[in-house]
1. Kindly check whether there is at least one residue in region 22-45 that is in a helix (DSSP H, G or I), open to solvent by 90 Å² or more (accessible area, probe 1.4 Å) and among the acidic types (Asp, Glu).
2. Within region 43-65, track down each residue that is at pLDDT 95 or above and not hydrophobic (A, V, I, L, M, F, W, C).
3. Can you tell me which of Asn7, Asn68 is loosely packed, with under 12 Cβ neighbours inside 10 Å and assigned to a helix (DSSP H, G or I)?
4. State whether the residues of region 76-92 include one that is farther than 18 Å from Tyr25 by Cα and modelled with pLDDT of 95 or more.
5. Going residue by residue through region 41-56, is there one that turns out to be among the β-branched types (Val, Ile, Thr) and in contact with a helix residue (DSSP H, G or I) (Cβ under 7 Å, 6 or more places away or on another chain)?
Amino acid sequence: MKEFDENEAIKTMRASLPEGKAQGYSDDDLLNLVDIIWDYYEINGLLEIDLDEDETEVSVTDIVDYANRMIRKDKGANIAPEDIPVLIEAELDYENSLLD
């Protein structure tokens, strides 16, 4: 398993958007969304390692819902609601690529 690299995650997320739209987000904007995803994992106990249990299925819909709530609360957030699902899918694809 490869190590998670925030810069690579951001690069993957940026590549998931159309070019003009991708440049509208700073690395900090995208990193904020990565942090929100990992906060979701932590809150839901998905970061705890238990070798006796099967891998827990992550609900993309639940992550998107959580991210939408957190971004609405964050006055400094600059991510359009319609881009959140695409960006989250890209970040999850990056995470899955680390397992190869």
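The values are calculated or read from the model by the stated rules, or taken from the named source; none is laboratory data. Source: prediction; values computed, not measured. Cβ coordinates were reconstructed from backbone atoms using ideal geometry, including for glycine residues, and neighbour counts include every protein chain displayed. The accessibility values were calculated without ligands, DNA or RNA, using every heavy atom of the protein model including side chains. Shrake-Rupley method; radii C 1.70, N 1.55, O 1.52, S 1.80 Å.
1. We begin by selecting, within region 22-45, every residue in a helix (DSSP H, G or I); these are 22, 27-43.
In the following step, the residues that additionally are open to solvent by 90 Å² or more (accessible area, probe 1.4 Å) were identified as 28, 42-43.
Then drop every residue that is not among the acidic types (Asp, Glu), which leaves 28, 42.
Yes, there is a match, as at least one residue in region 22-45 is in a helix (DSSP H, G or I), open to solvent by 90 Å² or more (accessible area, probe 1.4 Å) and among the acidic types (Asp, Glu).
2. Result: Thr61, Asp62, Asp65.
3. Numbers: Asn68 fails: loosely packed, with under 12 Cβ neighbours inside 10 Å.
That would be Asn7, the only listed residue that is loosely packed, with under 12 Cβ neighbours inside 10 Å and assigned to a helix (DSSP H, G or I).
4. Yes, there is a match, as at least one residue in region 76-92 is farther than 18 Å from Tyr25 by Cα and modelled with pLDDT of 95 or more.
5. Initial filter on region 41-56 (among the β-branched types (Val, Ile, Thr)): 43, 49, 56.
Within this subset, residues satisfying the condition of being in contact with a helix residue (DSSP H, G or I) (Cβ under 7 Å, 6 or more places away or on another chain) are none.
For region 41-56, residues among the β-branched types (Val, Ile, Thr) and in contact with a helix residue (DSSP H, G or I) (Cβ under 7 Å, 6 or more places away or on another chain): absent.
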